[in-house]
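Scroll down for the structure; my scribbles are underneath it.
The values are calculated or read from the model by the stated rules, or taken from the named source; none is laboratory data. Everything numeric in this text was worked out from a predicted model, so none of it was measured. Cβ placement follows ideal geometry from the backbone for every residue including glycine, while neighbour counts extend to all protein chains displayed.
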Amino acid sequence: MINLSFRLKAVYDQVSAARTELGPGRVIDVGSDHGLLAVSCLENGIATSVICTEIHEGPADHSADAMITSGFEDRSQVIVTDGLDGVRLEKGDVIVIAGMGGLNIIDIVSRCIETETPELLKNVRFVIQPQKSVNLVRKFFAENGFVFDDESVCTDRDFFYNIMRMSYGAVPYELGAYKECYGSVLLKKAESGDELIRSYFDHLDEVFSIRSRSDRVIRDALEERLRYENQ
Ligand SMILES: C[S@@+](CC[C@H](N)C(=O)[O-])C[C@H]1O[C@@H](n2cnc3c(N)ncnc32)[C@H](O)[C@@H]1O
């Protein structure tokens, strides 16, 4: 059995929730690196099969080796490509993009939205774990008509990570600075007393108070948060 880091376990939990919602089917791991997540999904019966994509040959080889070693060669495909380019999505797929910068994730999903039909997009789920630019990722998904089914936060070696689970609703909307920066799902969780999210927000408040000097969106978000806190 593969031992996942706290971060990857939190990603796995969201993939598992998406698979439970959709029923049996494939998991597509974009940027699979060592293939740990994909192997775990197969080992635990979360996925019927997996597709791993990798932009670099080296990590793709690691993923392919992991599939052979764990005996899943016949239920896996490893493709060297940029994001989802060349991957034909199917109804019921769960697509996971974890451990990458937010702008890279936006680039990958933008191209996917351009090539897939709204009908197909409505029948897949995305699990997204950005390393940075989390607010830009939330803004992008909202403006492109995605609904936030859930968002979780985990800590791993003193860092906070956000994991978003999303479905396509086809109706674009604006989140506004506050929800872009703090997350609509997380705001609700904090309101209902979730201690982890509350300590994550304390951390964000500190980071944002520095960044607000040069970033207007973050300044607006922080001002709204202070207004809310002082009510
Ligand atoms: C930091 S690793 C994260 C691996 C794994 N997803 C995780 O969460 O632990 C990022 C991986 O994504 C790959 N990658 C980066 N950009 C990519 C892209 N546009 N398409 C496919 N793979 C990409 C890198 O080669 C690297 O192996």
Problem set entry | Per-region count, the stretch 6-35, residues more than 16 Å from the chain's Cα centre (by Cα) and within 10 Å of the ligand (Cβ to nearest atom) | 2
Problem set entry | Filter result (of a type outside the set (Val, Ile, Thr), closer than 17 Å to Asp150 by Cβ and in contact with a strand residue (DSSP E or B) (Cβ under 6 Å, 6 or more places away or on another chain)) within the stretch 12-27 | Gln14, Ala18, Arg19
Problem set entry | Only one of Val87, Val109, Val78 that is in a helix (DSSP H, G or I), within 14 Å of the ligand (Cβ to nearest atom), surrounded by 14 or more Cβ atoms within 10 Å (Cβ to Cβ) and of a type in the set (Val, Ile, Thr) | Val109
Exercise. If you check Glu21 against the conditions, is it surrounded by fewer than 22 Cβ atoms within 10 Å (Cβ to Cβ), in contact with a helix residue (DSSP H, G or I) (Cβ under 6 Å, 6 or more places away or on another chain) and among the acidic types (Asp, Glu)?
Worked result: no
For this session: Starting from the stretch 54-75, keep only residues that are at pLDDT 95 or above, then list their pairs with residues that are away from the ligand (no atom under 16 Å from the Cβ) whose Cβ atoms are within a distance under 6 Å, requiring at least 6 positions of separation or different chains.
Result: Met67/Glu73; Arg75/Ser49
For this session: Check Val147 against each of (1) β-branched (Val, Ile, Thr); (2) within 16 Å of the ligand (Cβ to nearest atom); (3) surrounded by fewer than 22 Cβ atoms within 10 Å (Cβ to Cβ) and name the one condition it does not meet.
Result: (2)
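May I ask you to list the residues in the stretch 24-45 that are surrounded by 18 or more Cβ atoms within 10 Å (Cβ to Cβ) and assigned to a helix (DSSP H, G or I)?
Filtering the stretch 24-45 down to residues surrounded by 18 or more Cβ atoms within 10 Å (Cβ to Cβ) leaves 25-33, 35-42.
Selection gives Leu36, Leu37, Ala38, Val39, Ser40, Cys41, Leu42.
May I ask you to list the residues in the stretch 46-72 that are assigned to a helix (DSSP H, G or I), of a type in the set (Ser, Thr, Tyr) and surrounded by fewer than 21 Cβ atoms within 10 Å (Cβ to Cβ)?
Thr69
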